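Everything on this sheet refers to the single structure shown next.
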Amino acid sequence: MKIKILRQKTPETNPYWECFEYNGTKEISVAGMLDQLNFGDDILNDQGLKTDRIGWDCSCLQGVCGACAMVINEVPALACETFLKNLKGETVTLRPLRKFPVIHDLIVDRSIIHENLKITDIYIGEYNPKADEDHDLQYTAAKCLKCGLCLEVCPNYTVGKSFFGAVYANDCYLVHERNTNKAKDIHVSYAKHFGNACSKALSCMEVCPVHISSLASMSKLNRV
Ligand code: FES
């Protein structure tokens, strides 16, 4: 199996493609396969030439931290949740998420997600919930990994613009439900950074690894 990876040594250097040969089992995740390619003292590419260890990020390896988000065969996904046996063809193409600055190979800097929450003051603070709380929807919304896959596929999200994407709308919804004192501020911020510019493509819902319904959050926030 050929593994084609878009690599980049540092944020300042140009990206380039490098291929590797993987001959192990397909009953393994992309994360596990990358681990195997990186195993040993000498890392060889498909030409048999020594190369650098492949840079990629992980923590939980069970789909709950979001660190391993990348683009796998042109589909944004978690590497630890994507199995080789489920991918079509004999070539697997991996590249970093496009909407974030690359740090090294498949590792990107997603700090913008938290920076957007900080500058708009979206945090729960005092716990002052609504009387008619929808616990199921809140529970699902609270599982957000901040992995950035929703931003990767969003046709409205462009780096550096005022539209912050589904990940932001999800946090607005959560804070709105849990601290009613902030409701007015949240509505203004939600409209400015999400509601006014979302074209409802809803591709975010298709790639979300924890199946958060942006539509449900939107309908709650638009209703009040
Ligand atoms: S390593 Fe945590 S989600 Fe993949």
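The values are calculated or read from the model by the stated rules, or taken from the named source; none is laboratory data. All values reported here derive from a predicted model rather than from experimental measurement. Methodologically, a virtual Cβ is constructed for each residue, glycine included, from the backbone with ideal geometry; neighbour enumeration extends over all protein chains shown. With ligands, DNA and RNA removed, areas are computed over all heavy atoms of the protein, side chains included. Shrake-Rupley method; radii C 1.70, N 1.55, O 1.52, S 1.80 Å.
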Response to the item:
Restricted to the stretch 59-90 and to residues being closer than 16 Å to G32 by Cα and away from the ligand (no atom under 16 Å from the Cβ), the residue most open to solvent (accessible area, probe 1.4 Å) is K85
Practice prompt. Could you list, in sequence order, all residues of the stretch 103-130 that are loosely packed, with under 15 Cβ neighbours inside 10 Å, touching a Lys or Arg at 6+ places or on another chain (Cβ under 8 Å) and within 30 Å of G55 (Cα to Cα)?
Written response: H114
Worksheet, complete the sentence: Of the listed residues (E12, E21), the one being open to solvent by 50 Å² or more (accessible area, probe 1.4 Å), out of contact with any strand residue (DSSP E or B) (no Cβ under 8 Å at 6 or more places or on another chain), more than 16 Å from the ligand (Cβ to nearest atom) and farther than 29 Å from H211 by Cβ is E12
Response to the item:
Here the residues within the stretch 91-102 that are more than 12 Å from the chain's Cα centre (by Cα) and either under 17 Å from C154 (Cα atoms) or more than 16 Å from the ligand (Cβ to nearest atom) (or both) are T91, V92, T93, R95, P101, V102
Worksheet item: How about the stretch 131-224: which helices (runs of 4 or more DSSP H) wholly inside it have at least 1 residues that are closer than 16 Å to K118 by Cα and open to solvent by 50 Å² or more (accessible area, probe 1.4 Å)?
Response: 183-190
Worksheet item: Looking at (1) more than 20 Å from E133 (Cβ to Cβ); (2) out of contact with any Gly (no Cβ under 7 Å at 6 or more places or on another chain); (3) not acidic (D, E), which is the one condition that is false for P209?
Response: (2)
Discussion item. Only one of V207, V167, V175 is modelled with pLDDT under 90 and either under 22 Å from the mean Cα position of the chain (by Cα) or over 30 Å from A79 (Cβ atoms) (or both). Can you tell me which?
Written reply: V175
